[in-house]
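Just below is one structure, and these are the notes that go with it.
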Amino acid sequence: MSNCTKLVKTDECTQTRDEGYNNCSQTRDEGYNSCQSNYYNDCHWYSPWNCVAGWFCSAWTWISNIVCVGWTWVSNVVCVAWKYIVQVVCVLIDAVVAVVAIIASVIDAIAGFIGGIVAFIVDIFTSIPIIGRLIDWVLGVAKTIVWAIASIPDLIGTLVGVMPEKKLRLIVLIQNDERGNPLIIDRTVLYRAIQFVINTYREQVNVRVVPVQIFHYASTFADEQVANDNYIASETRINTPDLIDVCCDTCEAGENLIDRGSQFNLKLSIVAFWGGARRLTGYGAPIVAFAVRSYKDGKAGCSLGPLTDFVTVKFQDSDQGTPAAQLTSDKSLGAITDLGHEVSHCCSLPHKTDGDNMMNPSPKRSGRMTVWQKMLIRSSRHVTYL
Ligand SMILES: [Zn+2]
């Protein structure tokens, strides 16, 4: 069963139809009442004009009602037909993608290996403070623009509700502290944050959030993803505090151009090795979330948007009473949404001050997105068909 079909809601047509019929009946009854009070009540043998006018009034009300009911019926048929067309187009694209993705996953594995090596060499250059980092930013923006232009048909599809399944690759790296101990021991908080991204991206933009693995094939018709260790990487190195106690916004941008940006870029090269070819071209480049210990500015997560392929998050569990499967876009949730929020920044979404939206600057927030936000996400270079 394709997920496209679940996202297209035919009951919206039924609701509009029923409201339409109710409006028709209400207008009709008001019409007859007004004929009664304006004309029929004064219809006498000495004032025949009122009788004639009353008759016309009733006839007009009757015709208006027939037109109203007919129009509602036609609108409903068009509405339902349109929903079915959307579903058929969506499922057809899903089916084609499912077949092509098998070939793509083989090419991906070969290109992933060669690309991983080439990307590693490129990453050494883009890790050079200031000049290398600036080149990386420019490349990041250029790739974002190129793939956004290539996604114009998809933008139009999203606008009219045709959203065949796309994929987003995600890795969370648990960084170590100064003594070489992992910052996160109990991975439950990570599973829950990742599951929120999986659930929300499916519901809002029909995107399958997948891990970065060699020979990874996820059919568009496969079961839903479950957050597990495939999405999580760890490291053996010891980190200096500046890699785990970080900052946001201009501070982060400044640091990104020098030492911290260099080191994160090299970590990215290793942890997302199999996504190397994708990072080089930008198409389906994985997003890496570095788990950090603290923020000097009190934040809980940061992203430089399209400039880099990585974000930082201080993972904190919230909403422990909510089972992972129910961490969905329709609820008002706490810090467990931080990963999804930063990933969305990485897909070019800016803030939107609205607690009912994924891009509310701080929790509580839901995972909902506006049509424009959905269009931006689905045209991001991180969100692709193959
Ligand atoms: Zn934010």
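The values are calculated or read from the model by the stated rules, or taken from the named source; none is laboratory data. The structure presented is a predicted model; accordingly, all values stated were derived computationally and were not measured. Note that we place each Cβ from the backbone using ideal geometry, even for glycine, and neighbour counts take in every protein chain shown.
Quick notes on this structure:
- Residue tally, condition buried (at least 18 other Cβ atoms within 10 Å of the Cβ) and either among the small types (G, A, S) or not assigned by TED's automatic domain parsing to the domain that holds T281 (or both), over the stretch 131-150: 3
- Scan of the stretch 346-373 for residues that are crowded, with 21+ Cβ neighbours inside 10 Å and in a helix (DSSP H, G or I), ordered by number: C346, Q373
- Here is the figure for the stretch 325-335: residues that are within 15 Å of the ligand (Cβ to nearest atom) and in a helix (DSSP H, G or I) total 1.
- Candidates are the residues of the stretch 124-134 that are closer than 12 Å to N256 by Cα and part of a helix (DSSP H, G or I); the one that is farthest from the chain's Cα centre (by Cα) is I131.
- Residue within the stretch 367-375 that is within 11 Å of the ligand (Cβ to nearest atom), in the same structural domain as A253 (by TED's automatic domain parsing) and not small (G, A, S) present: no
Rundown of residues vs (1) part of a loop (DSSP other than H, G, I, E, B); (2) outside the structural domain of M359 (by TED's automatic domain parsing); (3) touching a residue at least 24 places away in the same chain (Cβ under 8 Å), yes/no style:
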site: V226; (1), (2), (3): yes, no, yes
site: T236; (1), (2), (3): yes, no, yes
site: N239; (1), (2), (3): yes, no, yes
site: G254; (1), (2), (3): no, no, no
site: G261; (1), (2), (3): no, no, yes
site: K267; (1), (2), (3): no, no, yes
site: G276; (1), (2), (3): no, no, yes
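- Taken over the stretch 336-347, the criterion of being among the aliphatic types (A, V, I, L, M) and more than 11 Å from the ligand (Cβ to nearest atom) is satisfied by I336, L339.
- All positions within the stretch 157-202 that are assigned to a loop (DSSP other than H, G, I, E, B) and either over 24 Å from S380 (Cα atoms) or among the acidic types (D, E) (or both): E165, Q175, D177, E178, R179, G180, N181, L183, I184, I185, D186, R187
- Residues located in the stretch 299-315, provided they are farther than 20 Å from E178 by Cα, more than 13 Å from the ligand (Cβ to nearest atom) and of a type outside the set (A, V, I, L, M): P306, T308, D309, F310
- Test result for V138, within 24 Å of E252 (Cβ to Cβ) and at pLDDT 90 or above: yes
- Test: A111 is over 20 Å from the mean Cα position of the chain (by Cα), buried (at least 16 other Cβ atoms within 10 Å of the Cβ) and not hydroxyl-bearing (S, T, Y): yes
- Given (1) free of Cβ contacts under 8 Å to residues at least 12 places away in the same chain; (2) over 19 Å from the mean Cα position of the chain (by Cα), number of the condition T188 does not satisfy: (1)
- Counting only residues that are more than 10 Å from the ligand (Cβ to nearest atom) and either modelled with pLDDT under 95 or out of contact with any helix residue (DSSP H, G or I) (no Cβ under 9 Å at 6 or more places or on another chain) (or both), the stretch 348-364 holds 7 of them.
- Note on the stretch 260-298: residues that are at pLDDT below 90 and within 16 Å of the ligand (Cβ to nearest atom) amount to 2.
- For the stretch 332-348, a residue qualifies if it is under 15 Å from Y201 (Cα atoms) and touching a Gly at 6+ places or on another chain (Cβ under 8 Å), and the qualifying residues are T337, D338, L339, G340, H341, E342, H345, C346, S348.
Every residue, every condition in (1) basic (K, R); (2) in contact with a Cys (Cβ under 7 Å, 6 or more places away or on another chain); (3) under 18 Å from R187 (Cβ atoms), yes or no:
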| residue | (1), (2), (3) |
| --- | --- |
| G282 | no, no, no |
| A285 | no, no, no |
| R293 | yes, no, yes |
| K296 | yes, yes, no |
| K299 | yes, yes, no |
| F310 | no, no, no |
| K314 | yes, no, yes |
| D317 | no, no, yes |
| P323 | no, no, yes |
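- Inter-residue pairs, beta-carbon under 6 Å, first charged (D, E, K, R) and in the stretch 352-363, second in a loop (DSSP other than H, G, I, E, B) and more than 8 Å from the ligand (Cβ to nearest atom), 6+ apart: D354/N360; D356/S366; D356/R368
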